[in-house]
Each structure stands twice: as C-alpha cells, then as structure tokens.
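Report on one structure; see the data block that follows.
Here, each number is a calculation from the coordinates, and none is a lab measurement. Since the model is a prediction, treat every value here as computed from it, not as a measurement. FYI the Cβ positions are ideal-geometry reconstructions off the backbone, even for glycines, and counts take in every protein chain you see.
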Amino acid sequence: MWSVPIGLMMKDGDNGPIGLQLVSDFGFVLACASGCFFVAGVSLRFARWRAAWLDNLSDNAYGMFLIHYVFVVWLQYALLDVALFAVVKAAIVFSGTVIASWGAMIAMRSVPRGFRRIGATRQAAAALQGSGGRAETAVAASRDAVTAPTKLIE
C-alpha cells in the first residue's frame, strides 16, 4: 500500500507534493502498525509453550537494560582495530552484550541485598507482602501474574 507513494517520492525526495508526502507518511505508519499487530497476533495464536531460559531472560531484562551500555561500548572499542566486516562485528557485540549483561545480572541478583528488587523476585515479594505473609498465597499470586496472558489463549 505505502510502497507506491514512497516509490513516487523517491525521485522528488522532500520536494514532492504535500499530498503525496502525507499519503506516503501515513501509509508507512499504517504498515508498521499492521506489522506489529501481525506479530502480536501470531505470537498469541501459536506460542503455546514456555521456555525456562526465556523466563529467566524476562526476569533479568530490566537489569540487563540498565547495565548493557557498558558492555556495548567496551566490546565495540575492543573490536575497533579488528579487520572484520561490520555485520560480523555487530553480531559479536550483540551476542557478547547479551551474554555479559545477562550473566552480570544473574550474579548481581544472587548477592544478598543486591539487585533482587529488579525482576520477578520483586513481584513475588510484593505478592507475599499483599497476602499478609502467607507464602502459599503469595506463590500462587505470583504464578498467576506470570501466566495470566497464556490463560487468555486457552
């Protein structure tokens, strides 16, 4: 849908007619939103299983976000003088950053009084606090909070 107006805009650039620019821009937005809804719909329809490693990744994702920049900069600087293609360097930096920040978060969350408040442990603690200290109620509440989206599918 939006490829025709964009194709027409290619020869004129930003100097094309305003109507064509608007159709091109709104078509692009519509295509992006449709793609996002498509991915969400396919995921909700066909994602029927849970993987333990993805649950662990989900538990540590916010902490990884907080500390990943250090690993990105260090790895990019370390690969600066290496004669590799940019795509290979990007793959090395991406995978190295994911592994290093994930490992660092696992290590930090295992330290007493460490980063336990970031992630699923915080949800379980909040459920425990909200249940009046009854551990079995807190565990059930935190498990229901984690599996709630999959219950909508069934």
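Summary table below
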read-out	value
Fewest-first ranking of Phe71, Phe28, Phe37, using other Cβ atoms within 10 Å as the exposure measure	Phe37, Phe28, Phe71
Coil-residue trypsin sites (Lys or Arg not before Pro) of segment 46-103, DSSP, other Cβ within 10 Å capped at 12	Arg48, Arg50
FRET efficiency estimate (nearest 0.05) - Cβ-Cβ, Val42 to Ser110, R0 35 angstrom	0.45
Global size of segment 1-47 as Cα Rg and Dmax, reported in angstrom	14.3, 45
Listed peptides 79-85, 30-36 by packing density, highest first (mean Cβ within 10 Å)	30-36, 79-85
Mean Cβ count within 10 Å, highest first, over the residues of peptides 59-66, 18-25, 40-47, 93-100	59-66, 93-100, 18-25, 40-47
Sorted by Cβ neighbour density within 10 Å, fewest at the top, the residues Trp102, Trp49	Trp49, Trp102
